[in-house]
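Worksheet: the structure to be examined is printed underneath.
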Amino acid sequence: MKIARKGNEKESIDALNGLAFELRNKDPDTAFYYASLALQFSEAVQYELGEAESNLATGMTHLVVGDITESEKILVFPLN
């Protein structure tokens, strides 16, 4: 799946992460979807900031839906 023309991958990933953050309170399922896409694409192009932001969006969305344990796994454990 192509997300953008060559050279604009980071902008597209940033847009997906932005959507995930924006939707985390209103539509968590869609936020999970966009964050997951952003993570996949970030890994494919080795964009570490995109990976970090998608993990943050995923972790924050888990907090919104009340899944503290999963949120901790994503947000806290990588710091150790």
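The values are calculated or read from the model by the stated rules, or taken from the named source; none is laboratory data. Worth saying up front: this structure is predicted, and the values here are computed from it rather than measured. Using ideal geometry, Cβ is built from the backbone for each residue, glycine included, and neighbour counts are taken over all protein chains shown. Just so you know, the surface numbers come from the protein's heavy atoms only, side chains and all, with ligands and any DNA or RNA stripped out. Shrake-Rupley method; radii C 1.70, N 1.55, O 1.52, S 1.80 Å.
Could you tell me the relative contact order of the chain? Use alpha-carbon pairs under 8 Å, at least six residues apart, and round to a whole percent.
26
Using +1 at the C-beta of Lys and Arg and -1 at the C-beta of Asp and Glu, which of I74, N8, Y47 has the Cα lying farthest in the positive direction of the dipole of the chain?
N8
As a test of reading the structure, rank I68, I13, I74 by solvent-accessible area (1.4 Å probe, protein chains only), most first.
Final ranking, largest accessible area leading: I68, I74, I13.
With every protein chain left in place, what is the accessible area of D14 in Å² (1.4 Å probe, nearest 10)?
60
Quick check: with the 1.4 Å probe, what order do E72, E51, E22 take by accessible area, largest first?
So the residues, ranked largest to smallest area, are E22, E72, E51.
Compute the accessible area per residue over the chain, keeping the other protein chains in place, probe 1.4 Å, unit Å².
It amounts to 66 Å² per residue over the chain.
Can you pull the one-decimal nm distance between simple spin-label points at A44 and T30, each 7 Å off the Cα toward Cβ?
2.2
Size of the dipole of the chain about the Cα centre, Lys and Arg at +1 and Asp and Glu at -1 on the beta carbon, nothing else charged, in debye to 20?
My answer is approximately 260 debye.
Give me the percent of accessible area attributable to carbon and sulfur for the chain, probe 1.4 angstrom.
Accessible surface attributable to carbon and sulfur in the chain totals 53 percent.
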